[in-house]
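Reading through the structure tokens given below for one structure.
What follows draws every value from the coordinates through simple rules; no lab data is involved. Predicted model only: the values in this text are computed from it and were never measured. A quick note on method: Cβ atoms are made from the backbone with ideal geometry, for glycine too, and the neighbour counts reach across all protein chains shown.
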Amino acid sequence: MGDTGGAHDSTSNDRDAHLAELGGALRAGGSRRTAPRLHILRALAENRGHLSATEIHRHIQAAGERTNLATVYRSVDRLTALGLAHSVSGAEVRYGLGRDGHAHATCTGCGTVADIAEAPTAGAAVALAQASGFTAGPLVMSGLCPVCRARGQ
Ligand SMILES: [Zn+2]
Ligand SMILES: [Zn+2]
């Protein structure tokens with residue numbers, strides 16, 4: 001909701017501004033334990049994709065910050081609840097930056113998750129699933145990514 005434009009940031013300036021904004025949102029949330037969350041947001045922003053908690057943890061450590069996996073799990077859950085990150089379920093749950101509301105394609109070969117443009121009919125499919133009593137979120141399509149396809153998996 002309220003997500004105007006929908007264009008993805010393409011410059012690092014935009015991204016820095018976005019991170020500053022996220023940091024402000026976190027502080028407005030009243031939490032004193034924001035450092036791990038900011039590290040997570042940075043890892044997600046810098047990788048522009050969807051990372052598992054383990055990968056987020058690895059990126060934070062590679063950046064020279066100290067944290068443990070349990071903190072990453074707890075913090076990323078909180079970020080998701082705040083609408084600053086979203087999770088994509090699959091063989092391994094992955095997290096992306098920003099509020100959910102877009103469709104995903106997930107690779108059955110390597111687990112890579114990509115944001116994809118949502119088809120006009122996607123909302124109707126979700127509504128139908130919800131009418132059947134499912135707590136259906138945005139669509140997740142599964143298939144093989146170009147890398148896995150090229151490998152012939
Ligand atoms: Zn996503
Ligand atoms: Zn793949």
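Restricting attention to the stretch 75-98, the residues that are surrounded by 14 or more Cβ atoms within 10 Å (Cβ to Cβ), part of a helix (DSSP H, G or I) and out of contact with any strand residue (DSSP E or B) (no Cβ under 8 Å at 6 or more places or on another chain) total 3. The residues on offer are Ala105, Ala63, and the sole one that is small (Gly, Ala, Ser) and over 18 Å from Thr34 (Cβ atoms) is Ala105.
For Ser87, the conditions (1) within 16 Å of ligand 2 (Cβ to nearest atom); (2) closer than 17 Å to Ala43 by Cβ; (3) among the small types (Gly, Ala, Ser) are fulfilled apart from (1). Restricting the stretch 73-114 to residues that are charged (D, E, K, R) and free of Cβ contacts under 8 Å to residues at least 60 places away in the same chain, the residue that is farthest from ligand 1 (Cβ to nearest atom) is Arg74. The single condition among (1) surrounded by fewer than 20 Cβ atoms within 10 Å (Cβ to Cβ); (2) touching a strand residue (DSSP E or B) at 6+ places or on another chain (Cβ under 9 Å); (3) touching a residue at least 12 places away in the same chain (Cβ under 8 Å); (4) not β-branched (Val, Ile, Thr) that Ala53 does not meet is (1).
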